[in-house]
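Inspection log for the structure reproduced underneath, given as structure tokens.
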Amino acid sequence: MTEPILFVDDDVNLVSAVQRNLHKTYSIAIATSAQDALAAAAADSYAVVVSDLQMPGMSGIELLTRIKELSPETVRILLTGHADLEAAIDAVNEGNIFRFLRKPCPQVLLKKTVDAGLVQYRLQMAERDVLQETLVGAVAVFVDILSAVQPAAFGRAARLRWCMRKLALEFRVRDHWQFEAAAMLSQIGALLAPETLERHAGTHLLEGNLDRLRAEAKVVEQLLESVPRLHTVAQIIDRQYEDPQTLEGLSAKAYTIALGAHLLRVAGDFDRLVGADFSFSAALAEMQRRSGAYHPEVLAALQKLVQGERSDTAQEQYLFRPIAEEVLRSLRS
């Protein structure tokens, strides 16, 4: 069976006929509204999405544009009537649509186009895998250097990575590698200014030193900004000290950056307090006292994490968690 595809049309008879005719060839799901299609795309990954242009509530072009934000690799195909031809051509030219088909569309042509979409999807995924391997290698080099030159900064980076990963699970993020990379790379400023290490533990950092922390984060952001595919990671690091903002109504990329920044801020302040001999519970209480500095949902996720890590052993494991070989191996796996 092929990679999953999604067919969207508000004509119930049409989608039923398509599913009946194609289910033996493809792993096909159907949706009879744009809202149902968005919910399906948010829950699962699709290689190809075929959508009608004219649907109530949301056009096919808008739907496919939003699916592109959720899953950039998904190949998008538009079904359109003759009267909508100009809109379909514009959508293709703007890069949001792989191909468009006129309705009524013969099954043979639909299958041929879906097959072409699957080929395009596989090419994109192969290219992404190569880029991902290159990117992970670059991150591992940074971390290698950090572990050798500044072990204390590496230790903090490893603890931030653990905390970020735990917190991200509460938000059901599909791919949290960018959050983990932001945690690890947020500490490479120690390679440029080792004296900053002395300032990364203690309550004084929660007492009006944000300008200095923002400046340090900006240095790291500028260093990473030019690395291909690290733009989102760089933005997470740069924006971690911004005031909390809502996560509602954001595009997929903006949501990743905003959530990542909130997670990194909470993980960073929690680590500073624990590093200053606060217990997990005392560190959480101190941060709850300053709750206006943090996104409430992320602070609630930290509370849940702390409640699950109550023992003295858990805190000792946290403080002595970093093992260079283990972290580097996980980055490369």
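Suppose the filter is of a type in the set (A, V, I, L, M) and in contact (Cβ under 8 Å) with a residue 12 or more places away in the chain; does Leu302 pass it? Yes.
Just one of the listed residues (Ala39, Ala17) is out of contact with any Lys or Arg (no Cβ under 7 Å at 6 or more places or on another chain), aliphatic (A, V, I, L, M), surrounded by fewer than 19 Cβ atoms within 10 Å (Cβ to Cβ) and within 20 Å of Asp115 (Cβ to Cβ), and it is Ala17. Here Ser27 passes the criteria (1) modelled with pLDDT of 90 or more; (2) farther than 24 Å from Asp129 by Cα except the one numbered (2). Would a scan of the range 46-63 turn up a residue that is assigned to a helix (DSSP H, G or I), at negative phi, modelled with pLDDT of 90 or more and not basic (Lys, Arg)? Yes, there is a match, as at least one residue in the range 46-63 is assigned to a helix (DSSP H, G or I), at negative phi, modelled with pLDDT of 90 or more and not basic (Lys, Arg). A count restricted to the range 73-132 and to residues that are modelled with pLDDT of 90 or more and small (Gly, Ala, Ser) stands at 2.
Exactly one residue among Ser251, Ser226 is more than 17 Å from the chain's Cα centre (by Cα) and hydroxyl-bearing (Ser, Thr, Tyr), and that residue is Ser226. If you check Val8, Val48 for being touching a Pro at 6+ places or on another chain (Cβ under 9 Å) and either surrounded by 21 or more Cβ atoms within 10 Å (Cβ to Cβ) or among the polar types (S, T, N, Q) (or both), only one passes: Val48. For the range 130-149, the condition of being touching a residue at least 24 places away in the same chain (Cβ under 8 Å), within 19 Å of Thr232 (Cα to Cα), in a helix (DSSP H, G or I) and in the same structural domain as Leu259 (by TED's automatic domain parsing) holds for none of the residues. Restricting attention to the range 17-45, the residues that are touching a residue at least 24 places away in the same chain (Cβ under 8 Å) and part of a loop (DSSP other than H, G, I, E, B) total 7.
The values are calculated or read from the model by the stated rules, or taken from the named source; none is laboratory data. Small disclaimer: the values here were computed from a predicted structure and weren't measured. Reconstructed Cβ throughout: ideal geometry from the backbone, glycine too, with neighbour counts over all protein chains shown.
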